[in-house]
1. Starting at the first residue of segment 103-115, write each ³J(HN,Hα) from the Karplus equation 6.51 cos²θ - 1.76 cosθ + 1.60 with θ = phi - 60°, in whole Hz, x for Gly and Pro.
2. Taking the Cα atoms of the chain, what is the range of coordinates along each of the three principal axes, in descending order and whole Å?
3. Among P78, I124, L55, pick out the residue whose Cα is farthest towards the positive end of the charge dipole of segment 51-125, where Lys and Arg carry +1 and Asp and Glu carry -1 on C-beta, about the Cα centre.
4. Non-local amide H neighbours of L188 (under 5 Å, H modeled in plane, Pro and chain starts lacking H): which ones?
5. Please list, in chain and number order, the residues 5+ apart from L55 or on another chain whose amide H is under 5 Å from its amide H, with Hs placed from the backbone.
6. Given the rule -39500 (n - 2.57) for each run of at least 4 DSSP H residues, summed and divided by the residues of the chain, what is its mean residue ellipticity at 222 nm, to the nearest 500 deg cm²/dmol?
7. Per residue, how many Å² of accessible area does the chain show with a 1.4 Å probe?
8. Convex hull over the Cα atoms of segment 78-150, averaged projected area in nm²?
Amino acid sequence: MVSLKQEKYIRAFVAVPIDLNLRIVIQRTQSLLGVHAREFRWTDPAQVHLTLVFLGDTSERDLIALKSQLQSEIADIPSFDLRIDRFGAFPKMHRPRVLWIGFREVPSELRRLQEGIATSSRKIGIDVETRDFHPHLTLARLRNRDTRVDLSQGLDETAIDDSLTFTVRECVLFESVLRPSGPVYSRLASFSLV
């Protein structure tokens with residue numbers, strides 16, 4: 001009797017982790033915004049990251065191939081700074097479902113990094129999103145999609161520190177396990193920038 005082993009799939013994504021100083025600022029920002037947005041579920045600052053490519057349910061075999069592909073694909077991308085300087089919401093500020101902080105200007109290194117990961121994923125057969133890349137750090141998600149909230153005034157009143165800059169030194173392949181209390185992320189592999 002032949003035993004067929006079922007292939008294991010892992011919900012995965014590649015992201016830039018953020019440093020402790022930025023996590024502290026995010027926590028403070030969430031506290032300030034919380035006055036205006038009680039209808040939102042706030043992201044745990046320890047879980048905040050900058051998603052580069054969402055891979056979805058991916059086979060272990062493909063993840064192993066992706067790890068070796070990424071080593072060479074991003075080998076020549078240098079470390080770079082990101083300056084957080086704006087609030088935003090998806091789809092719009094006056095009807096937000098997701099609150100985020102992000103970047104007015106996106107460095108070419110970040111675009112190269114994201115495009116390299118997406119290209120590597122496609123080369124090995126992982127179907128990744130083709131929509132435009134809008135880098136951001138998610139602060140909160142609306143608890144109930146039917147709730148109507150307008151935060152345009154509240155966000156205008158909450159300033160972002162002009163010196164809010166962090167250095168991107170690596171990207172990480174994460175596993176995402178969905179739980180009732182929220183997602184849990186685990187590092188599967190790290191890739192250092194030059």
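1. Per residue, the Karplus-derived 3J(HN,Hα) values read 10, 5, 10, 9, x, 4, 5, 5, 4, 4, 4, 4, 5 Hz.
2. Principal extents (Cα only, largest first): 64, 42, 29 Å.
3. Highest projection toward the positive end goes to L55.
4. Placed amide hydrogens put L173, F174, E175 under 5 Å from L188.
5. So L55 has HN proximity to A12, F13, V14.
6. Dividing the helical sum by the residues of the chain leaves -8500 deg cm²/dmol.
7. Numbers: 11460 Å² over 194 residues.
Computed with neighbouring chains in place, this is 59 Å² per residue.
8. Details: hull surface 25.3 nm².
Over all viewing directions, segment 78-150 projects a mean Cα-hull area of 6.3 nm².
The values are calculated or read from the model by the stated rules, or taken from the named source; none is laboratory data. If you're wondering where the values come from, they're calculated on a predicted model, not measured in any experiment. Because the Cβ atoms are built from the backbone with ideal geometry, glycine has one as well, and the counts that use them run over all protein chains shown. For accessibility, only protein heavy atoms count, side chains too; no ligands or nucleic acids. Shrake-Rupley method; radii C 1.70, N 1.55, O 1.52, S 1.80 Å.
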